[in-house]
1. How about the stretch 104-114: which of its residues are out of contact with any Ser or Thr (no Cβ under 6 Å at 6 or more places or on another chain) and either modelled with pLDDT under 90 or surrounded by 12 or more Cβ atoms within 10 Å (Cβ to Cβ) (or both)?
2. State whether one or more residues within the stretch 58-68 are free of Cβ contacts under 8 Å to residues at least 12 places away in the same chain, polar (S, T, N, Q) and surrounded by fewer than 18 Cβ atoms within 10 Å (Cβ to Cβ).
3. Just the residues that are over 17 Å from Lys348 (Cβ atoms), open to solvent by less than 90 Å² (accessible area, probe 1.4 Å) and of a type in the set (A, V, I, L, M, F, W, C), please, taken from the stretch 500-510.
4. So which pairs qualify, if the first residue must be in the stretch 577-595 and over 17 Å from Arg266 (Cβ atoms), the second must be in a helix (DSSP H, G or I) and small (Gly, Ala, Ser), the Cβ gap must be under 6 Å, and the two must be at least 6 apart or on different chains?
5. Out of the residues in the stretch 198-223 meeting the condition of being open to solvent by 60 Å² or more (accessible area, probe 1.4 Å) and in contact (Cβ under 8 Å) with a residue 40 or more places away in the chain, tell me which one is farthest from the chain's Cα centre (by Cα).
6. Open to solvent by 90 Å² or more (accessible area, probe 1.4 Å), touching a residue at least 24 places away in the same chain (Cβ under 8 Å) and in contact with a Lys or Arg (Cβ under 9 Å, 6 or more places away or on another chain): is that true of Arg280 in this structure?
7. So if I check each of Ser673, Ser616, which one is out of contact with any Leu (no Cβ under 9 Å at 6 or more places or on another chain), in a helix (DSSP H, G or I), of a type in the set (Ser, Thr, Tyr) and open to solvent by less than 60 Å² (accessible area, probe 1.4 Å)?
8. Cβ contacts < 9 Å: first residue free of Cβ contacts under 8 Å to residues at least 40 places away in the same chain, restricted to the stretch 114-135; second residue of a type in the set (A, V, I, L, M) and assigned to a helix (DSSP H, G or I), any location; separation 6+ or different chain. Result?
Amino acid sequence: MQILSISLKNIKSHRDKELHFVGGINVLSGVNGVGKSTIFEAIGYALFGVDARDFVGNIERFITIGAKKGEIAVTFAPGDGDTYRASRSVGAGSKWLLAREIGGAFEVEDHAGAPETEARIKELLGLDSGRPLADQFKLVIGPFQHEFLGPFVLKQPAKRQEAFDEILGIDAWRKTYKGTSTLLRAVKSKIDLLTAEIEGKEEQVVELTDRQEELTGLVIELKAQQKQLADMEKSLGATEVQLVKLSSQEKKSQAVKGDIQVLENRIRDGEGKIADNQKRVKEAELALETLEKNRAGKEAFEAAESQLKALREQEKERRTIEKELTALDKESARLAQAYAHERREVEKIDKELAAEAFRLTADQKGLVAAESVTRAAARLPALRTETEQLRLAKGLLEGRRAGLQEGKEKLAEGVCPFFKEECQNIAGKAPRDVFSARVDDLEKEGLELDHRLAGLGQEIGVAEKARQELESLKVRDLEITKQLSALSRRRDDNSKRQAALAGTKKLQEESEKKGGSRKEELKKYANLDGEIAISEKVRTGHQAARDAFFANQKDALDLQNRRDSLTRMVALLEDLRKDLTARQQEFDKLALEYDSKRHAEERLVKEGLLTELATSRQKIADRGRDRLRLDGEIKKMKQIKEEIKARLAERKGLAVKEELVKFLRSQIFNNVSAQLSARFREEISLRADLIYRTIAETDEELYWGDKYQIVLRDMENGELRERSDDQLSGGQTMSAVVALRLALLQTIGARMAFFDEPTSNLDAARRANLAHAFRAIDVGREEVTEHWYDQLFLISHDVAFTEVTDQIISLE
C-alpha cells in the first residue's frame with residue numbers, strides 16, 4: 001500500500017498544490033505555519049473520511065480565505081497493481097468519490113453514497129476491521145502527537161484504560177460488561193417490582209368471597225322492590241284514568257268561561273266604537289253644510305289666483321328687460337371710457353416715439369472718430385510686423401553672442417571650439433583674445449535693438465487703444481441702428497391701435513341704440529304694479545272662505561262611508577249579545593256535571609303515588625348500581641388472580657435471566673476484556689521494548705502496565721527498580737510513547753503511519769537514535785523489529801532524518 005500523490009485546491013494556506021510521495025519514509029519540512037500539518041489533515045479527510053470539524057472546529061476554516069469551496073485528491077496504489085484516486089470536496093454539496101485508473105484516465109466507481117465509498121476504500125487499504133476508517137486514522141494511524149500523548153499522561157487509570165481499549169478495539173467487551181451491569185440492575189429491579197405487585201394484588205383478592213355473598217343478598221332484595229314497584233304503577237294507572245276524565249270536564253268548563261269573557265269584552269268594545277262612529281257621522285254632516293256655504297268664495301279666490309299668476313309672469317318679463325337695459329347702459333359707458341383712454345394713449349405714444357427717434361438719429365450722427373485715431377489704428381499691423389522682425393534679430397544676436405562666449409572659453413582651455421579637441425595650432429602658446437571685440441559689438445547692437453523695441457511697444461499701445469476706440473464706436477452705431485428698427489415696429493403697432501379705435505366707437509353707438517329700443521318696450525308695463533295690487537286684494541278677501549272649504553272637504557266626502565260603517569257595527573253588536581246568552585246557558589249546564597272537590601282529591605292521591613314510585617325507583621337504581629359495582633369488583637378480582645399467575649410466571653423467567661447475566665458478566669465479559677488487554681499489552685510491550693532500547697541506548701526495559709501506564713524497569717544496586725508516570729522525564733516519556741505507537745501500528749496491521757514532530761522533548765542523541773530506528777524498521781533489522789510498513793510520513797525540522805529518509809519535501 002502506497003500513497004503516490006496529493007492535490008490540494010483552496011485548502012487552508014494551499015491554494016493550488018500537488019505533492020508526490022515515495023515508498024518508505026517521507027519527511028515534510030518547512031517553517032511554522034507553512035501548512036505541513038494541513039497535508040496530514042487533507043489525507044485523513046480525503047482518504048479516511050475524517051470530518052473536517054475534527055481538525056478545525058468550523059468547516060469554513062478548512063477552506064482558503066476568500067474561497068467558497070475546496071478540493072482534495074489522494075492518488076494511491078493498494079498493492080494489487082491498480083491505481084486509485086480518492087477525491088473529496090469541502091463546502092456546500094460536498095462529495096466523496098473513488099476513481100480507478102483505466103487506460104491512463106480515472107473512471108469514477110458507482111457508489112450509492114459515502115458508506116459504500118468508505119467500505120470500498122477499507123477493502124483496498126486492508127483495514128476492514130469493523131471500526132470506521134475515520135476512527136482508525138484519528139486513534140492510531142494519524143493522530144497528532146499531542147493527541148496521541150493524551151491517553152498516556154491521563155492520571156485517572158479508569159479513563160486511561162477506556163482510551164486505550166478503544167484504540168486497541170477491545171472496548172466493546174468492557175462496554176458490554178458495563179452495559180450488562182445496567183441490564184442486571186434492571187432485571188433485579190423488575191423482579192422486585194413484580195414481587196411487590198404480586199403482594200399488592202394478593203391483598204386485593206382476599207375479599208372476593210365476601211363480595212360474592214353480598215351480591216347474592218342484593219339480588220334477592222332487588223326482586224322484592226321490583227314487585228312492589230309494579231303494584232304501585234297499577235294503582236297509579238287507575239288514578240290517572242279518573243284524572244283524565246275530570247281534567248277534560250274542567251278544561252271544557254274553563255274554555256266556555258273564557259269564551260263568555262271574550263264575548264263580554266267584545267260587546268263593551270263594540271258599544272264604545274258605535275258611540276265614536278255616531279259622533280263622526282255628526283261631524284261629517286256639519287262639514288257638508290260648511291262646504292256648501294263657502295263654495296262661491298273658494299271659486300272667487302281661485303279666479304283671482306289665476307289672474308295674479310299671469311300678472312307675475314308679466315312682472316318677470318319687465319325685470320328681464322330692466323336688467324338688459326342696465327347692462328346695455330354699463331357697456332355703452334365702458335366703451336366710451338375705453339375709446340377716450342385708448343385715443344389718449346395712442347397720441348401719447350406717438351409723441352414719445354417721435355422724440356426717441358430724433359434723439360437716436362442725433363446720437364448716430366455724433367459717432368465719428370478723430371482722424372488721428374483712425375491713422376493710429378491703421379498703423380497697428382505694420383507696427384506688430386516690425387516688432388516681430390526686431391525680436392527675431394535680437395534672438396540671432398543672442399545666439400551669436402553665446403557661440404562667441406563658448407569659443408572664448410574653449411580656446412582659453414586649449415580646445416578647438418569647432419572640432420571639440422585639443423587645438424594643435426596653439427599648442428604650447430598663450431591663446432589670443434579674438435572674441436572680446438566681437439562680443440562687445442554684438443552687445444551694442446543688442447542695446448540698440450532693445451531701445452527700438454521699447455519705442456515700438458509704446459506706439460503699439462497707442463495704436464491698440466485707438467483700434468479699441470474705433471471698435472467701441474462701431475458697436476454703439478450697431479446698437480442705435482437696432483433701437484431705430486425697434487422704434488419703427490412700435491410705430492406700426494401704435495398705428496394698428498389707432499385703426500382699432502373706429503371699431504370701439506361703432507360698438508358704443510350700437511349699444512346706445514339697443515338701450516333706446518328697450519326703454520320703449522318698458523312703457524307697456526306702466527300699470528302692471530296697480531293691477532297686481534288689485535288682484536292680491538281680491539285674493540286676500542276670499543282666503544278665509546277657500547281655507548274653510550278645503551278644511552271640511554274630506555269629512556264631508558266621507559259622510560256616506562261613516563253612515564254605512566255605523567249600520568254594520570249595530571248589527572254585529574246584536575249578534576254578539578245572542579252568542580253571549582247561548583254560552584252562559586252552556587256554562588251553567590257544565591257546572592252541574594263537574595265536581596272540583598273530587599278532582600282535587602284525585603290529584604293528591606296521584607302525587608302521593610308518584611312520590612312513592614320515585615323513591616322505589618331510586619332504591620332499585622341504587623341497588624342496580626351496587627350490583628354493577630359488585631359485578632365489576634368480582635370480575636376485576638378474578639382478572640387480578642389471573643394476573644398474579646402471569647406475574648409469578650414472569651418473575652420465575654426473570655430469575656433465570658438474572659442468573660444467566662451474572663454468569664456471563666463474571667465468567668465471560670470481565671475475563672475476555674482483561675485477557676485481550678493482557679495479550680495486546682504483552683505483544684506490544686515486546687516490540688516496543690526493542691524499539692525503545694534503540695532510541696534510548698539504555699538497558700531499561702519498557703513495559704506496558706495493566707492500566708496502560710508506561711513502566712521502565714532496570715537494576716539498581718542489584719535490585720529491580722520500576723518507574724512510571726511522574727517518575728519519568730519528558731524525553732523518556734516521548735521515547736516510550738513513540739516506541740509504543742510503532743509497536744501498536746505493527747500489531748493492528750497498519751501499512752502506513754503519520755507522525756507529527758515525533759522528536760519533541762528528545763535530546764540530540766535520542767533524536768538521532770529515533771531516526772535510525774525508523775530506518776531499521778524500514779529495512780527489517782531483527783534487533784529492532786521486522787519490516788511492517790510501506791510508508792511513513794513525518795513532520796520534522798530535525799536534520800537527523802536527512803540521513804535516513806527516502807524523500808524530504810520542503811514546503812515554502
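1. Gly104, Phe106, Val108, Glu109, Ala112, Gly113, Ala114
2. yes
3. Result: Ala502, single match.
4. Listed pairs, sorted by first residue: Leu590/Ser253; Tyr594/Ser253.
5. Taking the stretch 198-223 and keeping what is open to solvent by 60 Å² or more (accessible area, probe 1.4 Å), we get 199, 202-204, 206-207, 209-210, 212-214, 216, 220-221, 223.
Remaining after also requiring in contact (Cβ under 8 Å) with a residue 40 or more places away in the chain: 202, 204, 207, 212, 214, 221.
Numbers: Glu202: 65, Gln204: 63, Glu207: 69, Gln212: 72, Glu214: 73, Glu221: 77 Å.
The selected residue is Glu221.
6. yes
7. Numbers: Ser616 fails: out of contact with any Leu (no Cβ under 9 Å at 6 or more places or on another chain).
Within the list Ser673, Ser616, the selection yields Ser673.
8. As it stands, the answer is Lys122/Leu133; Asp128/Ala119; Arg131/Leu139, since those pairs meet every condition given.
The values are calculated or read from the model by the stated rules, or taken from the named source; none is laboratory data. Bear in mind the structure is a predicted one, so any value in this text is a computation, not a measurement. Cβ sites come from the backbone with ideal geometry, for glycine too, and all protein chains shown count toward neighbours. When the accessible area is computed, the model is the full protein with side chains, heavy atoms only, and any ligands, DNA or RNA have been set aside. Shrake-Rupley method; radii C 1.70, N 1.55, O 1.52, S 1.80 Å.
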